[in-house]
Amino acid sequence: MTIVLGIESTAHTFGVGIVRNGEILSNIKKTYVTEKGGIIPMEAAKHHNRFKAEIYSEALEKAEILENKIDAIAFSQGPGLAPCLLEGMKFAKKLSKKLKKYIIPVNHCIAHLEIGRLTKTKNPVMLYASGANTQIISYESGKYRIFGETLDIGVGNFIDNFARYSGIGFPGGPIIEKLALKGKKYIKLPYKVKGMDIALSGILTNLKQKIESKKYNLNDLAYSMQETVFAMLVETAERALAHTGKKELLLGGGVACNSRLQEMCKIMCKERKAKFFCPEKSLLVDNAGMIAFLGEIMFKSGIKENNLDKIDIMPRQRTDDVEVVWRK
Ligand SMILES: Nc1ncnc2c1ncn2[C@@H]1O[C@H](COP(=O)(O)OP(=O)(O)O)[C@@H](O)[C@H]1O
Ligand SMILES: [Mg+2]
């Protein structure tokens, strides 16, 4: 029996999750939100520092686990905002020292992908649509390869930025989804797909100009933005399915909570006879359950460290930097 505790702190969310033999026993988190404006990294880091002890106790309590039963501590090493990552790592090191347990550094993006195993997908192409990251990922020859990605900003940050410009606080995605349901008229926007890559900053500028002109209804803009940008995501994901010959699409990341994006992916999969998988919402947004889940898989494959000086954060770590030894 293995018990792994995971810590998530890459950006707005601080979380602690506990996994035993692939089962998530607890997944507690607290997210930094704003009324207006975006995330200020130092403020988010302060938020994490303030709530970490409380979240840790709550996670142990919910899992009904005593801390001395934990076999290893996994934490999000990157990519993410450095001040936020540091809070998570400091906490992980403190626990590792106190409990005399191994530490396991986990790549946040790969955790979003691996948690898909709970949906029973085996070898998917993943459309990973989160705040900071937008990538089409799939396993090939020892690594999770990035087949396509955003050439500028992540789709969640893009939507949050559009929302902020319209006077909506962080995170803007869920509110924009509601407004889009009320949209009636499709307003033409630029469509930027290059092979399996996409670009979003030009569309953002175009949307900002439209908001400034005051000639457009916000519901219509939200609707048109979703239809355009989600079509771009689905097109690139479909191209990756065709290219790899794989028959499973896994949707993940916070933007995957959007029902319209899920619906568009389902339609595409049905048309090309692929299977569609999407984890439940609490596992789509940033959470520590997925960090503990991947941490346990890595731990069982022999990845562990007890020299804390060797461990550091990696704010710019890329999905394809990681040797995926646990899949061999
Ligand atoms: N229903 C939704 N529709 C669109 N975007 C959403 C929805 N729910 C959450 N999001 C977006 O998901 C993002 C957060 O996802 P998450 O995976 O936690 O991001 P990251 O790991 O990059 O910090 C935010 O940009 C938020 O606006
Ligand atoms: Mg994330």
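Conditions tested, residue by residue: (1) closer than 29 Å to R327 by Cα; (2) within 14 Å of ligand 1 (Cβ to nearest atom); (3) touching a Ser or Thr at 6+ places or on another chain (Cβ under 7 Å).
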residue: G6; (1), (2), (3): yes, no, no
residue: E23; (1), (2), (3): yes, no, no
residue: K29; (1), (2), (3): yes, yes, yes
residue: K36; (1), (2), (3): no, no, no
residue: K52; (1), (2), (3): no, no, no
residue: Y56; (1), (2), (3): no, no, no
residue: A72; (1), (2), (3): yes, no, no
residue: F91; (1), (2), (3): yes, no, no
residue: S96; (1), (2), (3): yes, no, no
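When L251 is tested against (1) assigned to a strand (DSSP E or B); (2) more than 20 Å from F147 (Cα to Cα), exactly one condition is not met: (2).
Determine, yes or no, whether V255 is buried (at least 22 other Cβ atoms within 10 Å of the Cβ), modelled with pLDDT of 95 or more and either β-branched (V, I, T) or not assigned by TED's automatic domain parsing to the domain that holds R164 (or both). Here the answer is yes, as V255 does meet what is asked.
When restricted to residues that are under 20 Å from G156 (Cα atoms) and within 14 Å of ligand 2 (Cβ to nearest atom), segment 267-298 contains 10. Suppose we keep only residues that are of a type outside the set (D, E, K, R) and touching an Asp or Glu at 6+ places or on another chain (Cβ under 7 Å) within segment 271-289. Which one would you say is nearest to R20 (Cα to Cα)? Only one residue tops the list, namely A288.
Taking first residues from segment 191-203 that are on the phi > 0 side of the Ramachandran plot and partners that are at pLDDT 95 or above and of a type in the set (S, T, Y), the Cβ contacts under 9 Å between residues at least 6 apart in sequence or on separate chains come to G195/T236.
Look at F162 and say whether it is within 18 Å of the chain's Cα centre (by Cα), under 20 Å from K36 (Cα atoms) and of a type in the set (A, V, I, L, M, F, W, C).
Numbers: within 18 Å of the chain's Cα centre (by Cα): no; under 20 Å from K36 (Cα atoms): yes; of a type in the set (A, V, I, L, M, F, W, C): yes.
No: the conditions fail for F162.
Of the helices (runs of 4 or more DSSP H) entirely within segment 132-243, those holding at least 3 residues that are small (G, A, S) and not assigned by TED's automatic domain parsing to the domain that holds H108 occupy 201-213.
Of everything listed in (1) more than 21 Å from K328 (Cβ to Cβ); (2) touching a residue at least 24 places away in the same chain (Cβ under 8 Å); (3) away from ligand 2 (no atom under 16 Å from the Cβ), the single unmet condition for S130 is (3).
The lone criterion from (1) under 19 Å from G80 (Cα atoms); (2) more than 16 Å from ligand 2 (Cβ to nearest atom) left unmet by S201 is number (1). Taking (1) under 12 Å from the mean Cα position of the chain (by Cα); (2) away from ligand 2 (no atom under 16 Å from the Cβ) in turn, P124 satisfies each apart from (1). Among the residues of segment 111-143, the ones that are under 20 Å from D197 (Cβ atoms) and within 16 Å of ligand 1 (Cβ to nearest atom) come to 14 in all.
The rows are residues; the columns are (1) surrounded by 15 or more Cβ atoms within 10 Å (Cβ to Cβ); (2) more than 28 Å from I168 (Cα to Cα); (3) not assigned by TED's automatic domain parsing to the domain that holds S130.
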residue: G17; (1), (2), (3): yes, yes, yes
residue: I24; (1), (2), (3): yes, yes, yes
residue: T31; (1), (2), (3): yes, no, yes
residue: E35; (1), (2), (3): no, no, yes
residue: A53; (1), (2), (3): no, yes, yes
residue: A59; (1), (2), (3): yes, yes, yes
residue: A63; (1), (2), (3): yes, yes, yes
residue: S76; (1), (2), (3): yes, yes, yes
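The values are calculated or read from the model by the stated rules, or taken from the named source; none is laboratory data. Note that the coordinates shown come from a computational prediction; the quantities given were computed from them, not determined experimentally. Here Cβ is always computed from backbone atoms with ideal geometry, including for glycine, and neighbour counts include all displayed protein chains.
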